[in-house]
Amino acid sequence: MENQEKTIRFNIVRIQTEQFAIIPESYQEHAPFEINHELAFGIDKTHQIVLARKTARYLHPDRPPFMLITVVCYFRIEDNSWNDLKVENTDQIQLPRNFAIHLAITTVGTLRGVLHTKTEQTPFNQLIMPPVNTLDLVPDNVTFL
């Protein structure tokens, strides 16, 4: 029998720019830089909300970041879908990996838009976030106790 995931119905209910900073003294124009990515998930069981927190740190090797941004997207899961996420005979909630990847992709896109807006009319606006491989950021199902 083929394993098929159920459709999970949800809405974005809030977007929060948790942190944003540009540290010009750490920036070296025309020098190579990298972007360190972090992704974390959280849960509010009372309100049936899953959150995805994405952080990007722009930095030159061996230097502190010159730009830092964290965006959090809050997703409210509809009642029937929330029940489908419950792990039988436990208090756990489990996001299937594909669904967690979908939330991560949505959050990365949101971060990209916030970054563009925050850096508009600055020289940092040229530092567009390239595509992010969310498959690497979400290696497995996400389980909350």
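The values are calculated or read from the model by the stated rules, or taken from the named source; none is laboratory data. Since the model is a prediction, treat every value here as computed from it, not as a measurement. With ideal geometry, Cβ positions are generated from the backbone for all residues, glycine too; neighbour counts draw on all protein chains shown.
Checked against (1) over 18 Å from Glu38 (Cβ atoms); (2) surrounded by fewer than 16 Cβ atoms within 10 Å (Cβ to Cβ), Phe99 passes all but condition (2).
One residue stands out in the range 24-50 among those that are among the charged types (D, E, K, R) and out of contact with any Phe, Trp or Tyr (no Cβ under 9 Å at 6 or more places or on another chain): the one that is nearest to Met129 (Cα to Cα), namely Glu38.
Give the residue, chosen from Leu95, Leu68, Leu59, Leu51, that is touching an Asp or Glu at 6+ places or on another chain (Cβ under 7 Å) and at pLDDT 95 or above.
On the way: Leu95 fails: touching an Asp or Glu at 6+ places or on another chain (Cβ under 7 Å); Leu68 fails: touching an Asp or Glu at 6+ places or on another chain (Cβ under 7 Å); Leu51 fails: touching an Asp or Glu at 6+ places or on another chain (Cβ under 7 Å).
Just one listed residue meets the conditions, Leu59.
Taking the range 5-33, which residues are polar (S, T, N, Q), in a loop (DSSP other than H, G, I, E, B) and modelled with pLDDT of 95 or more? If you could, list the steps in order and put the result at the bottom.
Going through the range 5-33, the residues polar (S, T, N, Q) turn out to be 7, 11, 16-17, 19, 26, 28.
Next, from what is left, pick out any that are in a loop (DSSP other than H, G, I, E, B): 7, 28.
Result: no residue meets the conditions.
In this entry, Val132 is excluded by the filter for residues that are within 29 Å of Leu59 (Cβ to Cβ) and not in a loop (DSSP other than H, G, I, E, B). If the condition is being within 11 Å of the chain's Cα centre (by Cα) and buried (at least 16 other Cβ atoms within 10 Å of the Cβ), then the range 106-136 contributes Thr106, Thr107, Val108, Thr110, Leu111, Arg112, Val132, Thr134. Per the listing Arg63, Arg53, the residue uniquely within 22 Å of Ile128 (Cβ to Cβ) and free of Cβ contacts under 8 Å to residues at least 40 places away in the same chain is Arg63.
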